[in-house]
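Novice: Mind looking over this structure? Questions follow.
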Amino acid sequence: VDLLDLYARRSEAKGHKYSSDDAFLYEFCDAFPFTETEDQLQAVTDGLNDLHQGKIMDRLLCGDVGYGKTEVALRLAFKVISEGKQVAFVSPTTILARQHLNTVKSRMESFGVRVGSLTRFDSASEAKKTIEKLIAGQLDIVVGTHRALSKDVAFKDLGLLILDEEQRFGVADKEKIKRLKVNVNVLTLSATPIPRTLHMSMIGIRDISVLDTPPAMRIPVQTYVTEYTESLLSDAVTREINRGGQVFIVYNRVETIDKFAASVKTALPDVRLAVAHGQMTEEKLERIINGFIGGEVDVLISTAIIENGIDMPNANTMIVMDSDRFGLSQLY
């Protein structure tokens with residue numbers, strides 16, 4: 001009922017009507033180093049139409065990891081920023097926020113966009129400085145975790161809220177998001193939208209854009225369901241590493257993950273292994289995952305914490321142990 005009330009108020013409210021002069025935006029689009037898919041271009045057009053019409057946007061953007069959701073979000077963010085408004089880009093985990101921060105900086109800073117960060121890894125004094133700049137309008141976009149939703153964070157003129165994987169936020173965070181949402185444009189990105197979010201799109205509370213087309217050179221995923229054998233695991237890992245790739249092994253039991261990792265190490269003594277799970281400190285976890293992203297590790301043995309949609313294009317083999325113990329959205 002709360003949500004229906006919120007969306008009813010949003011649909012009646014009038015938003016800022018953005019100008020239809022997108023010349024500066026096209027310049028930004030031209031700097032994208034890849035070829036866009038038709039779906040990406042359509043999703044950008046849908047979002048721009050929302051902004052040009054002055055309706056308060058509530059758009060769900062669905063697409064697999066690596067299908068280009070972030071670029072769509074950045075183009076809409078750029079339009080909002082070029083009219084003097086601010087953007088908040090919020091992710092459920094620090095690692096994901098860090099990845100988005102790097103992307104935002106590399107795409108936007110050369111266009112004079114001022115970028116800030118708000119996560120648990122920013123010291124208290126850094127966070128204070130960032131918040132002061134947001135209030136004074138000296139920052140155009142802040143990239144962060146739920147820290148960016150805290151009560152002490154305020155904006156001079158927030159025009160767009162981008163939520164990545166909204167379903168991973170807790171109930172308390174969702175309440176904060178709701179408070180922030182009343183008259184702000186919202187773009188939600190998701191690789192695995194939960195049924196409620198999808199249902200809202202189907203009944204017209206939210207608009208939906210879908211990225212169906214894989215990027216160029218993307219080969220369809222091949223999935224095999226087999227009984228576990230050590231030789232099969234060794235073959236799969238060796239084949240991937242020999243072609244310069246990396247491997248995920250998903251093993252979802254923290255109490256025995258180190259023992260399992262030791263058995264993999266015995267079978268593959270020359271392979272660089274690392275273990276990651278949610279009971280580690282966040283600093284240690286980030287260090288391990290960054291090492292994997294940076295190519296210092298060949299095989300990452302991890303619990304289901306890697307389901308947060310981090311884009312690791314070099315990891316093309318995934319072995320899921322005891323797959324019957326996972327939920328549908330986790331497996332997806």
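The values are calculated or read from the model by the stated rules, or taken from the named source; none is laboratory data. Remember, it's a predicted structure, so these values are computed and weren't measured experimentally. FYI the Cβ positions are ideal-geometry reconstructions off the backbone, even for glycines, and counts take in every protein chain you see. Note: areas computed on protein heavy atoms with side chains; ligands, DNA, RNA excluded. Shrake-Rupley method; radii C 1.70, N 1.55, O 1.52, S 1.80 Å.
Novice: For the chain, take the longest principal axis of its alpha carbons; what is the angle in degrees between that and the long axis of helix 171-181, to the nearest 10 within 0 to 90?
Specialist: 30
Novice: How far is it, in nm, from the label point at Ala216 to the one at Gln138 when both lie 7 Å from their Cα along the line to the Cβ?
Specialist: 4.2
Novice: Here's something else I'd like to know. For a protection proxy built on the mean count of beta-carbon atoms within 10 angstrom, sort 151-162, 81-92, 291-302, 123-134 highest first, please. It would help to have the intermediate numbers written out before the result.
Specialist: On the way: 151-162: 17.2, 81-92: 22.7, 291-302: 18.8, 123-134: 15.0.
Ranked from most to least packed, the peptides come out as 81-92, 291-302, 151-162, 123-134.
Novice: Oh, and also: Grab the beta carbon distance between Ser323 and Arg272, set R0 = 22 Å, and tell me the FRET efficiency rounded to 0.05.
Specialist: For R0 = 22 Å, the calculated efficiency reads 0.30.
Novice: Treating each Cα of segment 235-321 as an identical point scatterer and ignoring solvent, apply the Debye formula and state log10 I(q)/I(0) at q = 0.10, 0.22 Å⁻¹.
Specialist: Normalising to I(0) and taking log10 leaves -0.21, -1.13.
Novice: Using each residue's phi in segment 97-104, evaluate 6.51 cos²θ - 1.76 cosθ + 1.60 at θ = phi - 60° and report the 3J(HN,Hα) Karplus result to the nearest Hz, with x for Gly and Pro.
Specialist: Rounded to whole hertz, the list is 4, 5, 5, 5, 4, 4, 5, 4.
Novice: Then there's this: Determine the distance separating the Cα centre of segment 276-332 from the Cα centre of segment 85-123; give it in Å without decimals.
Specialist: Using only Cα atoms to place each centre, the spacing works out to 22 Å.
Novice: If you don't mind, there's one more thing I want to ask. Give a residue-ordered list of calculated ³J(HN,Hα) values for segment 110-116 (Karplus: 6.51 cos²θ - 1.76 cosθ + 1.60, θ = phi - 60°; whole Hz; x for Gly, Pro).
Specialist: Residue by residue, segment 110-116 yields 5, 9, x, 6, 8, 10, x Hz.
Novice: Where q = 0.07, 0.08, 0.10, 0.12 Å⁻¹, what log10 of I(q)/I(0) comes from the Debye formula for the chain, counting one point per Cα?
Specialist: -0.31, -0.41, -0.64, -0.90
Novice: As an exercise, use a Förster radius of 25 Å and the Cβ-Cβ distance of Arg253 and Leu331 to find the FRET efficiency, rounded to the nearest 0.05.
Specialist: Calculated transfer efficiency: 0.95.
Novice: Mind checking which of Met280, Thr256, Thr317 is farthest towards the positive end of segment 255-319's charge dipole, using Cβ charges of +1 (Lys, Arg) and -1 (Asp, Glu) about the Cα centre?
Specialist: Thr256
Novice: I'd like the Karplus ³J(HN,Hα) series for segment 78-94: coefficients 6.51, -1.76, 1.60, θ = phi - 60°, whole numbers in Hz, and an x wherever there's a Gly or Pro.
Specialist: 5, 4, 5, 5, 5, 9, x, 9, 10, 10, 10, 10, 10, 10, x, 10, 5
Novice: Near the amide H of Ile208, under 5 Å away, which other amide H atoms are found, from residues 5 or more places off or on another chain, if H is placed in the peptide plane?
Specialist: Leu60
Novice: Which value in Å is the Kirkwood Rh of segment 18-147 over different Cα pairs?
Specialist: Computed over segment 18-147, the radius equals 15.5 Å.
Novice: Determine the sum of side-chain charges near Phe121: Lys and Arg each +1, Asp and Glu each -1, restricted to other residues whose C-beta is under 11 angstrom from that of Phe121. Show your work: numbers first, answer last.
Specialist: Numbers: positive: Arg98, Arg120, Arg147; negative: Asp122, Glu126, Glu282, Glu283, Glu286.
Neighbourhood net charge equals -2.
Novice: Over 31 Å between Cα atoms, which of Lys128/Lys284; Lys79/Lys174; Lys69/Lys133; Lys14/Lys176; Lys69/Lys176; Lys69/Lys259 qualify?
Specialist: Check vs 31 Å cut-off fails for Lys69/Lys259.
Novice: Now for a separate question. Given the DSSP H assignment, sum -39500 (n - 2.57) over each helix run of at least 4 residues in the chain and divide by its residue total; what's the result at 222 nm in deg cm²/dmol, nearest 500?
Specialist: -13000 deg cm²/dmol
Novice: Here is a further query. Report, to the nearest 10°, how far helix 38-53 tilts away from the longest principal axis of the Cα atoms in the chain, using its own Cα long axis and a range of 0 to 90°.
Specialist: 30
Novice: Give me the tail of P(r) for segment 23-99 as a percent: Cα-Cα pairs with distance above 14 Å.
Specialist: Details: 1944 of 2926 pairs.
Of all Cα-Cα distances in segment 23-99, 66 percent exceed 14 Å.
Novice: Say R0 is 56 Å: what FRET efficiency, to the nearest 0.05, do Glu227 and Ser150 get from their beta-carbon distance? Spell out each step's value before the answer.
Specialist: Working: r = 48 Å, r/R0 = 0.86.
Efficiency for this residue pair is about 0.70.
Novice: Between Asp2 and Thr45, what is the label-point separation in nm under the 7 Å Cα-to-beta-carbon projection?
Specialist: Those two pseudo-labels are separated by 3.8 nm.
Novice: Still on this model: Cβ neighbours within 10 Å, averaged per peptide: list 142-148, 235-241, 163-169 in order, most packed at the top. Could the numbers behind the result be given before it?
Specialist: On the way: 142-148: 24.3, 235-241: 16.6, 163-169: 21.0.
So the peptides 142-148, 235-241, 163-169, ranked by packing, come out 142-148, 163-169, 235-241.
Novice: Please compute one quarter of the surface area of the Cα convex hull for segment 275-326 and express it in square nanometres.
Specialist: 3.9
Novice: Packing-wise, with mean Cβ within 10 Å as the measure, how do 63-72, 247-256, 27-36 rank, highest first?
Specialist: Packing proxy ranking, top to bottom: 63-72, 247-256, 27-36.
Novice: Using Cα atoms only, what is the angle between the long axis of helix 124-136 and the major principal axis of the chain, expressed in degrees (0 to 90) to the nearest 10?
Specialist: With rounding to tens, the tilt is 30 degrees.
Novice: Another question, then. With a 1.4 Å probe and every protein chain kept in, tell me what percent of the accessible surface of the chain is carbon plus sulfur. List each step's numbers first, then the result.
Specialist: Numbers: 8880 of 17050 Å².
Looking at the chain in its full context, I get 52 percent from C and S.
Novice: Hey, another quick one. Hey, can you grab everything whose amide H is under 5 Å from the amide H of Gly159? Only 5+ residues off in sequence or another chain; H modelled, so Pro and N-termini drop out.
Specialist: Under 5 Å from the amide H of Gly159: Gln86, Val87.
Novice: Starting from the Cα-Cα distance between Ala23 and Thr35, subtract it from 0.36 nm times their residue separation and give me the gain in nm to one decimal. Walk me through the numbers on the way to the answer.
Specialist: Numbers: separation 12, 0.36 × 12 = 4.32 nm, distance 1.91 nm.
Stretched fully, the Ala23-Thr35 segment lengthens by 2.4 nm.
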